[in-house]
Amino acid sequence: MKEFKRLEQSQWQSSSDIASIQSQRLQAFIQSIYKHVPYYRELFKKLSLTPDDICTAADLTKLPFLTKDVIRNHFEHFKADNAGPLKRFNTGGSSGQPLVFLLGNERVSHDVAAKWRATRWWNVDIGDKEIVAWGSPIELTKQDKIKIWRDKLFRSTLIPAFDLTEAKLLDFIKQIQDTKPTMLFGYPSVFHLIAQSAVKHQIDLTGLGIQVVFVTSERLYPYQRELIEQVFNAPVANGYGGRDAGFIAHQCPAGGMHISAEEIVVEIVDREGKPVEKGVQGEIVVTHLATSEFPFVRYRTGDIAALSTQSCSCGRGLPLLEQLEGRTTDFVVAADGTMMHGLALIYILRDIAEIDGFKIVQHSLQYTEVQIVTANHQLQETTEQSIIRQLKQRLGQDVEIKIQYVSEIAPEKSGKYRYVISKVTAL
């Protein structure tokens, strides 16, 4: 709440004042990780730098980029010696290389506060009812245990975004009708499917009083926005971020994608890793200033965007992202026609330590190929059989699953990476 109140006030300050706030936070952050985080203490010494050399966002270029491999290889040295309780998290794996990392209360507090600030832009206040469409089995298996306090404290209901049969889509619609939430929050692809099902069955969802459909974790396509807004009679607000990089930017009613610049520094770099001018598209690099207990400094996201040269008409001084092209994961279709989020397959592979990368290609209802990168170019037979068994459980027992070992996962022609690709038409 303390962080939330601070963000509520700072958003209305001028862009220069927000930049000053960011610089002050950056300096304190750098001082902290230099003193308490072994990896950065050694890195600064190796580069002949002191904390005083990093005073502004522009000074961050003196430090190397942070990648998933660096975190994996130096995991223990990333933990601050003065850290409070830390919890293990991992990314969804849409990059093909799931990352294990640690989060403390400092980072969680900022992320929750940033979400609260953004949803208030759409007249959704703390404690208003929401329905969350999410895909992580971790959250889903915990749902029964946390249901009582989740519903009472946050008035938030979680619905699974995996096996989206027609019957389950209709169940979700009924749940939304019964709950009458102020906000829907989750994957745009899931709410688009729910909207399609409502249209197909001529179910009217326009009078439920939903203030906003807040979507995140995937690229939002115009056709999705159009149908979702039409079916739910509510605006769609886009959010950009991730478990690893945090809640980076949120859309306001005036259309601007505002960066949470008080705690997050966003750089845009070209293919050579050099910063580009505002308005020029490149890779998003993030420094999260609320991660002093397990730091993310110049973290390469793999996503594409540009820093806007404009200010938003809403009057907020927060900088803007534009031309945002985050990674996407497709839906896949089981042999019996059941649709499921691509993450349903990703979770099978992402926590297998021997796998360094993967790509899943659904060529047809009866054939799916799994490309795997591993140091030994081979997994144990029991691991292979486990992967095949779990994929068949989701896609169908008669589906052919072929595992291929490759030296690397190649990007698409566009230069972007996609790790779940379905060539089967879902609808």
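The values are calculated or read from the model by the stated rules, or taken from the named source; none is laboratory data. Worth saying up front: this structure is predicted, and the values here are computed from it rather than measured. FYI the Cβ positions are ideal-geometry reconstructions off the backbone, even for glycines, and counts take in every protein chain you see. For the accessible areas, the whole protein counts, side chains as well, though only heavy atoms, and no ligand, DNA or RNA atoms are used. Shrake-Rupley method; radii C 1.70, N 1.55, O 1.52, S 1.80 Å.
Applying the Karplus parametrisation 6.51 cos²θ - 1.76 cosθ + 1.60 with θ = phi - 60° to the phi angles of region 258-273, what ³J(HN,Hα) value in whole Hz is obtained for each residue in order, glycine and proline being reported as x?
7, 7, 6, 6, 4, 10, 10, 9, 10, 10, 10, 10, 8, 4, 8, x
Report Rg(Cα)/(2.2 N^0.38 Å) for region 221-273, keeping two decimals.
On the way: Rg = 14.3 Å, N = 53, 2.2 N^0.38 = 9.9 Å.
That ratio works out to 1.43.
Check Gly357: other-chain or 5+ apart residues with amide H under 5 Å from its amide H, H built from backbone geometry?
Here the answer is Val373, since their amide H atoms fall under 5 Å of that of Gly357.
Could you give the dipole magnitude of the chain about its Cα centre, charging the beta-carbon of Lys and Arg +1 and that of Asp and Glu -1, in debye to the nearest 20? All intermediate terms of the calculation are to be shown ahead of the outcome.
On the way: 49 positive and 50 negative charges, 127 e Å.
The calculation lands at about 620 debye.
Tell me what the chain gives for mean residue ellipticity at 222 nm when only DSSP H runs of n ≥ 4 count, each as -39,500 (n - 2.57), the sum divided by the residue total, rounded to 500 deg cm²/dmol.
-9500 deg cm²/dmol
Packing-wise, with mean Cβ within 10 Å as the measure, how do 180-193, 263-276 rank, highest first?
Descending mean neighbour count gives 180-193, 263-276.
Report ³J(HN,Hα) in whole Hz for each residue of region 298-311, in order, from the Karplus equation J = 6.51 cos²θ - 1.76 cosθ + 1.60 where θ = phi - 60°; Gly and Pro get x.
Those phi angles translate into 6, 7, 7, 8, x, 8, 10, 6, 9, 7, 6, 8, 9, 10 Hz.
Under a Cβ-only charge scheme (Lys and Arg +1, Asp and Glu -1), can you give me the dipole magnitude of region 295-396 about the Cα centre, in debye to the nearest 20?
Roughly 280 debye for region 295-396.
At a 1.4 Å probe radius, carbon and sulfur cover how many percent of the accessible area of the chain?
Working: 9500 of 19390 Å².
C and S fraction of accessible area: 49 percent.
How many angstrom lie between the Cα centre of region 202-271 and the Cα centre of region 276-315?
16 Å
Taking Cα pairs under 8 Å and at least six residues apart, what relative contact order does region 148-278 come out at, in percent?
Relative contact order for region 148-278 comes out at 16 percent.
What percent does the relative contact order of region 246-326 come to when contacts are Cα pairs within less than 8 Å and at least six residues apart?
Computed over region 246-326, the figure is 30 percent.
Quick check: pseudo-label points 7 Å beyond the Cα along Cα→Cβ at Lys35 and Lys423, how many nm apart are they?
The two pseudo-label positions are separated by 5.8 nm.
Using only Cα atoms, what Kirkwood radius does the chain have, in angstroms?
That comes to 22.8 Å for the chain.
Take Ser109 and Glu42, extend 7 Å from each Cα along the Cα→Cβ direction, and tell me the distance between the two endpoints in nm.
It works out to 3.0 nm between the two label points.
Among the listed pairs Lys5/Lys45; Lys168/Lys402; Lys79/Lys278; Lys359/Lys392; Lys79/Lys129, which have their C-alpha atoms separated by more than 26 angstrom in this model?
Checking Cα-Cα distances, Lys5/Lys45; Lys168/Lys402; Lys79/Lys278; Lys79/Lys129 exceed 26 Å.
Just going by the charge dipole of the chain, with Lys and Arg at +1 and Asp and Glu at -1 on Cβ, which of Leu158, Ser407, Leu60 is farthest out on the positive end?
Going by the Cα projections, it comes out as Leu158.
When the dipole is taken about the Cα centre of region 250-333, and only Lys, Arg (+1) and Asp, Glu (-1) are charged at their Cβ, what size is it in debye, to the nearest 20? Spell out each step's value before the answer.
On the way: 7 positive and 12 negative charges, 19 e Å.
Magnitude of the dipole: close to 100 debye.
Which one of Val286, Ala305, Gln390 is farthest out on the positive end of the charge dipole of the chain, using unit charges on Cβ (Lys, Arg +1; Asp, Glu -1) and the Cα centre as origin?
Val286
Can you check what the net charge comes to around Leu60, using other residues whose Cβ is under 9 Å from the Cβ of Leu60 (Lys, Arg +1; Asp, Glu -1)?
0
When only DSSP loop residues count, what chymotrypsin sites (Phe, Trp or Tyr not before Pro) in region 1-68 have their Cβ near at most 16 other Cβ atoms within 10 Å?
Passing sites in region 1-68 are Trp12, Phe65.
Just name one of Gly127, Gly255, His363: the one whose Cα is farthest towards the positive end of the charge dipole of the chain (beta-carbon charges, Lys/Arg +1, Asp/Glu -1).
Gly127
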